[in-house]
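What follows draws every value from the coordinates through simple rules; no lab data is involved. None of the values given here were measured: they were computed from a predicted structure. As a convention, Cβ positions derive from the backbone with ideal geometry for all residues, glycine included, and neighbour counts pool all protein chains shown.
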Amino acid sequence: MSQSEKVNKGSGEGKTQDMAIFSPPVVRSGAGALNRALFTKTVNLAAAAVNDNQPDTWGTALKEGVEKKELDVIPYELKLDYDYWSYHDIITSILPEELHDDIPSGFNTAGHVAHMNLRERYIPYKKVIAELILDKTQNIRTVINKVDNVGAESEFRTFQYEVLAGPDDMQVQVTENNCVFEFDYAKVYWNSKLEAEHRRLINMFEPGEVVCDVMAGIGPFAVPAGKKGVFVWANDMNPESNKYMQVAINRNKVSQYVRPFCQDGRTFIHHAADSVLEAHKASEHVLIAPKPPSRAKKAPKPEPKRVDIPPTISHFVMNLPATAIEFLGCYRGVYAGHEDLFEGGKLMPMVHVHCFSFKADDETPRNDICERITKYLGFKVKPGNPDVEGEVAVHDVRDVAPAKRMFCASFRIPREAAFAKRD
Ligand SMILES: C[S@@+](CC[C@H](N)C(=O)[O-])C[C@H]1O[C@@H](n2cnc3c(N)ncnc32)[C@H](O)[C@@H]1O
């Protein structure tokens with residue numbers, strides 16, 4: 001399980017009015033502990049007395065069965081308990097009616113952890129809600145709530161939280177884009193809602209190219225890209241991210257392709273360009289073992305395929321949406337003195353910078369993003385085709401708040417910026 005999800009509505013979903021007898025008892029027991037025993041109910045199902053004149057509403061088979069004394073109709077008590085009802089059934093019977101309009105049901109997951117962001121008005125019921133989620137969602141063992149602490153969001157994009165139900169165990173394992181990641185969710189950034197965005201960019205990378213991930217986290221771009229034969233210089237300033245990226249590199253066997261770094265992204269951009277060129281000059285490469293020939297054929301053993309590290313970076317990825325645009329000035333001089341590397345029509349590196357902007361159906365967000373890129377890159381850009389110098393493709397990634405969306409702006413580094421003198 002990796003995506004954000006809604007708690008399973010379970011067996012009670014879709015009941016009609018006629019089925020109201022199967023609803024749980026109303027237990028406005030308040031915000032204290034969840035008392036599962038209160039959710040027990042006996043439903044007396046129709047007990048019919050059989051007279052000589054048989055009710056004509058019965059089906060033929062039933063009528064015949066009773067006539068022949070093969071069947072008897074007896075009273076039946078159906079006992080329903082806590083396990084029968086869904087999260088939604090139970091929370092509706094606990095919460096006062098004025099809270100029924102926006103019942104919390106969505107949460108993010110990271111492995112066995114469900115991460116809620118409860119609205120203020122539901123906070124008095126937080127423990128009950130969390131216990132219910134724990135009981136009614138498969139594979140969830142711990143429920144946490146983000147503690148809103150304005151201004152306290154860390155530079156490493158971790159958050160403060162409170163454990164509402166289950167053990168305080170944040171050591172999780174997730175699978176994303178066919179790679180396994182193990183990490184401490186309290187110490188590093190992870191967001192399962194980004195899987196599609198990770199995949200979108202990974203699909204753009206070609207085997208044998210070099211990608212520089214400037215804010216790589218624990219490697220959700222880098223590790224799957226390495227798995228498809230892309231060389232990745234993967235950096236994150238959080239030492240804990242660096243540690244768990246190393247774990248993911250080993251676990252997914254991509255150490256030939258993915259190199260972890262722990263630097264400030266601002267300095268890493270030049271460093272990565274220089275170090276890739278050095279690796280190329282030193283003839284660093286990987287050898288790909290060929291498939292063994294079938295035993296029947298007495299063909300000579302094929303040679304391993306050699307893939308050299310190319311001299312230049314093809315893509316820079318910058319997923320730190322709150323501030324990454326402000327790092328764009330660091331591309332100035334990234335290839336200072338190396339115009340020769342881009343002769344013969346070779347394309348300049350593509351930058352993919354994530355950012356936030358307004359939610360609007362018109363061009364306002366695109367124009368706003370291009371204005372900010374222009375400001376920090378020191379080069380005039382406008383929305384358009386990313387392969388044309390000075391033009392930017394803006395991809396809409398996801399909603400993050402009622403008036404805010406996350407975008408990814410992709411453009412090639414203008415030659416003027418890339419070849420500018422370094423300070
Ligand atoms: C939004 S997370 C994205 C992580 C990863 N790319 C992903 O998609 O899950 C941003 C990352 O930037 C890192 N970070 C923050 N400031 C940084 C800086 N100045 N240089 C490099 N990394 C930084 C944080 O530690 C965090 O892991």
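The table below lists the values:
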| item | result |
| --- | --- |
| Cβ-based charge dipole, the stretch 190-418, positive-most Cα from 289, 328, 409 | 289 |
| Nearest-ten-degree value, helix 265-281 long axis tilted from longest Cα axis of the chain | 60 degrees |
| Candidates 32, 219, 390: whichever shows maximal mean-square fluctuation once the chain is modelled as a Gaussian network with Cα springs under 10 Å | 32 |
| Point-charge dipole on Cβ atoms (K/R +1, D/E -1) for the chain, about Cα centre, debye to 20 | 1560 debye |
| Euclidean distance of C-alpha centroids, the stretch 317-334 and the stretch 356-407, integer Å | 14 Å |
| Cα-projected label distance for residue 100 with residue 278, points at 7 Å along beta-carbon direction, nm | 6.8 nm |
| GNM top mover of 80, 62, 320 - the chain, alpha-carbon springs below 10 Å | 62 |
| Integer Hz, Karplus 6.51/-1.76/1.60 couplings in order for the stretch 390-404, x for Gly and Pro | x, 10, 10, 8, 10, 9, 7, 8, 6, 6, 10, 7, x, 10, 9 |
| Rounded to 5, percent antiparallel among DSSP beta bridges of the stretch 190-418 | 55 percent |
| Förster radius 56 Å - calculated FRET efficiency between residue 123 and residue 72 (Cβ-Cβ, nearest 0.05) | 0.55 |
| Column: log10 I(q)/I(0), Debye, Cα scatterers of the stretch 152-262, q = 0.17, 0.21 Å⁻¹ | -0.76, -1.11 |
| Cα-centre dipole for the stretch 190-418 with unit charges at Cβ (Lys and Arg positive, Asp and Glu negative), debye to 20 | 1240 debye |
| Candidate lysines for bridging to residue 346, where Cα separation is under 26 Å - those fewer than 8 sequence places away on the same chain excluded | 227, 228, 281, 305, 380, 382, 421 |
| Max mean-square fluctuation residue, GNM over the chain, Cα-Cα springs under 10 Å, options 271, 100, 395 | 100 |
| Given charges at Cβ of Lys, Arg, Asp, Glu: the stretch 127-192 dipole, positive-most of 133, 160, 172 | 133 |
| Reach of residue 68 by Cα under 17 Å, taken over aspartates and glutamates that are not fewer than 8 positions away in the same chain | 52, 56 |
| Linear extension gain, residue 206 paired with residue 171, 0.36 nm per residue minus alpha-carbon span | 9.3 nm |
| Beta bridge orientation in the chain: antiparallel %, DSSP, nearest 5 | 65 percent |
| Long-range HN-HN contacts of residue 389 with modeled amide H, under 5 Å | none |
| Nonlocal amide H pairs with residue 397, under 5 Å, H built at 1.01 Å | 406, 407, 408 |
| Vicinal HN-Hα couplings computed from phi for the stretch 121-132 (Karplus, 6.51 cos²θ - 1.76 cosθ + 1.60; Hz; Gly/Pro x) | 5, 9, 4, x, 9, 4, 5, 5, 4, 5, 4, 5 |
| Signed unit charges on C-beta, dipole axis of the chain, positive-most listed residue 315, 35, 300 | 300 |
| Gained length - residue 294 relative to residue 247, 0.36 nm times residue gap less alpha-carbon distance | 13.4 nm |
| Along principal axes, Cα extents of the stretch 190-418, largest first, whole Å | 66, 41, 33 |
| Expected 222 nm ellipticity per residue - DSSP helices of 4 or more, -39500 (n - 2.57), all of the chain, to 500 | -6000 deg cm²/dmol |
| Distance histogram in 10 Å bins (all Cα pairs of the chain, percent per bin) | 4, 17, 22, 18, 14, 10, 7, 5, 2, 1, 0 |
| Total charge dipole magnitude, the stretch 62-162, about the Cα centre, Cβ charges on Lys, Arg, Asp, Glu only, Debye to nearest 20 | 300 debye |
| Cα gyration tensor category, rounded, prolate or oblate, for the stretch 257-342 with a/c compared to 1.5 | prolate |
| ³J(HN,Hα) computed for each position of the stretch 250-261 - Karplus, 6.51 cos²θ - 1.76 cosθ + 1.60, integer Hz, glycine/proline x | 5, 4, 9, 6, 10, 5, 5, 10, 10, 10, x, 9 |
